[in-house]
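First the structure, in the form of structure tokens, and then the observations on it.
The values are calculated or read from the model by the stated rules, or taken from the named source; none is laboratory data. Only a predicted model underlies this, so the values are computations on that prediction, with no experimental measurement involved. Note that we place each Cβ from the backbone using ideal geometry, even for glycine, and neighbour counts take in every protein chain shown.
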Amino acid sequence: MTPDGFHWREAGSVRILVPSFFDLLNLCGGYSTRASSTRRDLDCDCRGGKAAEQVLENRRLVAAAMEVDAASFVFAEQVHSNRATAATSADRGRGARSHESAVAATDALVTTDTGLPLAILAADCAVVLLADENRRAVAAVHCGRRGAVLNVAASAAAALANLGVAPAGLYASIGPAICQSCYEVGPEVAAEFERAFPRASSFLKISSGRAHLDLSGIVRSQLADLGVRADRVFDAGLCTACQNELFFSYRREREGAGRCMGVICLAL
């Protein structure tokens with residue numbers, strides 16, 4: 001299945017999903033999968049005491065498919081906050097070889113520098129990639145459940161506004177994420193969203209007495225509230241839990257889950 005507004009790219013042994021507006025704006029990156037024609041599992045997460053050289057080789061393979069430099073990756077620490085941080089060429093390589101060197105205490109990265117690939121790791125969370133229509137700036141945003149409650153997308157938009165980019169001039173993609181049917185949450189999480197959003201009932205469905213959360217739907221609504229044009233928001237609509245053979249899923253695999261990457265870069 002190819003989602004509207006995206007296309008698949010096969011490069012070497014690697015398969016990635018690319019938002020179609022990347023071609024329009026001369027951007028590099030996309031969304032990685034765990035899929036490899038050599039049956040290699042493309043986990044891109046250095047955390048958890050994993051074999052570092054294997055993960056770094058996975059990142060190198062994915063970077064080549066995305067047409068970016070693996071040594072130039074800039075990763076966020078990802079602490080489930082609503083903090084957005086501007087990255088520059090001075091940050092090149094932060095988090096590229098170890099999680100400890102990632103940009104600290106942030107869940108969104110923005111930049112105006114070309115050739116600087118911003119990277120977010122995920123296994124069920126939504127990764128939002130934002131790009132200005134005039135190529136002045138791009139952003140990569142980690143939108144998990146807690147980030148959605150805190151509206152980290154709004155923080156990314158504010159950081160872009162500081163760089164002269166208005167929401168109406170943005171293109172946005174929402175990467176593969178856990179779907180509503182698979183994302184059962186407890187009453188405390190449902191109550192948290194009800195307190196945070198007047199329209200929470202639109203994103204919570206009760207099935208067999210349990211609440212199910214529409215994470216991607218919340219992110220779409222937040223982008224609309226910010227003023228991002230609906231015809232420029234592209235949701236992959238692919239569930240990481242339903243399609244666990246293609247994506248990592250913490251809900252399915254728990255602590256054994258690897259991580260895919262969402263990456264965006266202003267091409268040189």
Task: Among the residues listed as VAL127, VAL62, VAL103, the single one being in contact with a Lys or Arg (Cβ under 6 Å, 6 or more places away or on another chain) and β-branched (Val, Ile, Thr) - done: VAL103
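Counting only residues that are surrounded by fewer than 24 Cβ atoms within 10 Å (Cβ to Cβ), give me the strands (runs of 3 or more DSSP E) lying completely in the stretch 83-162 with at least 1 of them.
Numbers: elements: 84-86, 108-111, 118-122, 126-132, 138-143.
The qualifying strands (runs of 3 or more DSSP E) are 84-86, 126-132.
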- [ ] Starting from the stretch 74-95, keep only residues that are within 21 Å of ALA123 (Cα to Cα) and at pLDDT 95 or above, then list their pairs with residues that are among the aromatic types (Phe, Trp, Tyr) and in a loop (DSSP other than H, G, I, E, B) whose Cβ atoms are within a distance under 7 Å, requiring at least 6 positions of separation or different chains.
- [x] GLY95/PHE73
Open item on the list: Just the residues that are under 18 Å from ALA172 (Cβ atoms), more than 17 Å from the chain's Cα centre (by Cα) and not charged (D, E, K, R), please, taken from the stretch 85-138.
Closed with: THR112, ASN134
TODO: Look through the stretch 45-54, keep the residues that are part of a loop (DSSP other than H, G, I, E, B) and among the hydrophobic types (A, V, I, L, M, F, W, C), and return whichever of them is surrounded by the most Cβ atoms within 10 Å (Cβ to Cβ).
DONE: CYS46
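Find the residue count for the stretch 181-206, including only residues that are of a type outside the set (A, V, I, L, M, F, W, C), surrounded by fewer than 21 Cβ atoms within 10 Å (Cβ to Cβ) and in contact (Cβ under 8 Å) with a residue 24 or more places away in the chain. So that I can check it myself, show each step before the final result.
Step one: filter the stretch 181-206 for residues of a type outside the set (A, V, I, L, M, F, W, C), giving 181, 183-184, 186-188, 192, 194-195, 198-199, 201-202, 205.
Right, trim to surrounded by fewer than 21 Cβ atoms within 10 Å (Cβ to Cβ) and you get 181, 184, 186-188, 192, 194-195, 198-199, 201-202, 205.
Those still in the list that are in contact (Cβ under 8 Å) with a residue 24 or more places away in the chain too: 181, 184, 186-187, 192, 205.
Here the count works out to 6.
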TODO: Assess whether GLY217 counts as being of a type outside the set (Lys, Arg) and modelled with pLDDT of 95 or more.
DONE: yes
Open item on the list: Six or more apart or on different chains, Cβ atoms under 6 Å: show the pairs whose first residue is in the stretch 212-226 and within 16 Å of GLU192 (Cβ to Cβ) and whose second is surrounded by fewer than 23 Cβ atoms within 10 Å (Cβ to Cβ) and basic (Lys, Arg).
Closed with: HIS212/LYS205
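Among VAL149, VAL127, which is over 17 Å from ASP45 (Cβ atoms), touching a Phe, Trp or Tyr at 6+ places or on another chain (Cβ under 8 Å) and at pLDDT 95 or above? Before you say what the answer is, go through the steps one by one.
Details: VAL127 fails: over 17 Å from ASP45 (Cβ atoms).
Among VAL149, VAL127, only VAL149 is over 17 Å from ASP45 (Cβ atoms), touching a Phe, Trp or Tyr at 6+ places or on another chain (Cβ under 8 Å) and at pLDDT 95 or above.
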Open item on the list: Take the conditions over 29 Å from ALA166 (Cβ atoms), within 16 Å of the chain's Cα centre (by Cα) and touching a residue at least 60 places away in the same chain (Cβ under 8 Å) and apply them to ARG59. Does it pass?
Closed with: yes
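So which strands (runs of 3 or more DSSP E) are wholly in the stretch 1-44 and hold at least 3 residues that are crowded, with 18+ Cβ neighbours inside 10 Å and not hydroxyl-bearing (Ser, Thr, Tyr)? It would help to see each step written out before you state the result.
Values: elements: 6-11, 14-19, 27-36.
Fully inside the stretch 1-44 and qualifying: 14-19, 27-36.
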Task: Residue satisfying condition, being out of contact with any helix residue (DSSP H, G or I) (no Cβ under 8 Å at 6 or more places or on another chain) and farther than 25 Å from THR2 by Cα, within set SER216, SER181, SER202, SER207 - done: SER207
